[in-house]
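Every number here is computed from the coordinates shown, using simple stated rules; none is lab data. Please read all numbers here as calculations on a predicted model, not as lab measurements. Every residue, glycine as well, gets a Cβ built from its backbone with ideal geometry; the counts of neighbours run over all protein chains shown.
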Amino acid sequence: MNAGGTTRDHRTRVAHRVRELIITAAVEAFGAVRDDVPVDGFQVLTRTRLDDPMAAVRAADLMARVAQSQRTEHALDARAAGRSWDEIGAALCVPADGERSRGEAVFEWLVEGRAPDPTGPGEGLFRTPTTWWRCGSCDQQVADRGPFESHPNDNESGHTEDCPRHRAAVAAWRADIEGGEW
């Protein structure tokens, strides 16, 4: 158990419930249709898919906004109960950065709206942020480096050569080039 009285197993179960709440909100608040698809090779394991993944994006954003407001509200309750900004920063894993204390950093984050730099000074400058997702057209794991380059191949890799989604993105890029958009 940690200082807060919870174990990793408890946090994992709660995190699973939050993920389920996002799916429920996507269905109830944003009209998505849920489909539990069996996972290959398992008899009882399923993966939840929604007919409209954007509903889950909207639901997750709603939950994040509610959670953010609750985080600040409970931090203020902690202050009212006699806890220091430094203690609140420790609970939120906010590091001191050498220029300011942990308490200053968490106050700037929660009250002033300035998010702490997760990488710290000078770190992460030459790292290209990348995320991964499974393509709905070719069912391949795709590395996504964001929408920063003009050609789709510079932004995504991993699609099959005949992936209709990726071919359409390349065709749209070519049409933009030929149409004088660039």
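For the chain, the membrane-span-like helices by this rule, meaning whole DSSP H stretches whose C-alpha atoms cover at least 27 Å of axis and whose Kyte-Doolittle mean is -1.0 or above, are 8-30, 53-80; this says nothing about an actual membrane. Among Pro95, Pro129, Pro147, the largest mean-square fluctuation in a Gaussian network model of the chain (Cα springs under 10 Å) belongs to Pro147. With only Cα atoms counted, the stretch 131-178 has Rg and Dmax values of 10.4, 30 Å. Dipole magnitude for the chain: computed about the Cα centre from +1 point charges on Lys and Arg Cβ and -1 point charges on Asp and Glu Cβ, it is near 700 debye.
Anyone know which of Ala26, Ala115, Ala15 comes out most mobile in the 10 Å Cα GNM of the chain? Ranking Ala26, Ala115, Ala15 by mean-square fluctuation puts Ala15 first. Please check: in the Gaussian network model of the chain (C-alpha springs, under 10 Å), which one of Arg167, Arg34, Arg65 has the largest mean-square fluctuation. Judging by the Gaussian network model, the answer is Arg167. Across the chain, the mean sequence separation of Cα contacts (distance under 8 Å, 6 or more residues apart), normalised by length, yields a relative contact order of 9 percent. Note the listed values [x] -1.13, -1.20; [y] -0.76, -0.89; [z] -0.67, -0.78, then indicate which one is log10 I(q)/I(0) by the Debye sum over Cα atoms at q = 0.14, 0.15 Å⁻¹ calculated from this particular structure. Only one listed value fits the structure, namely [x].
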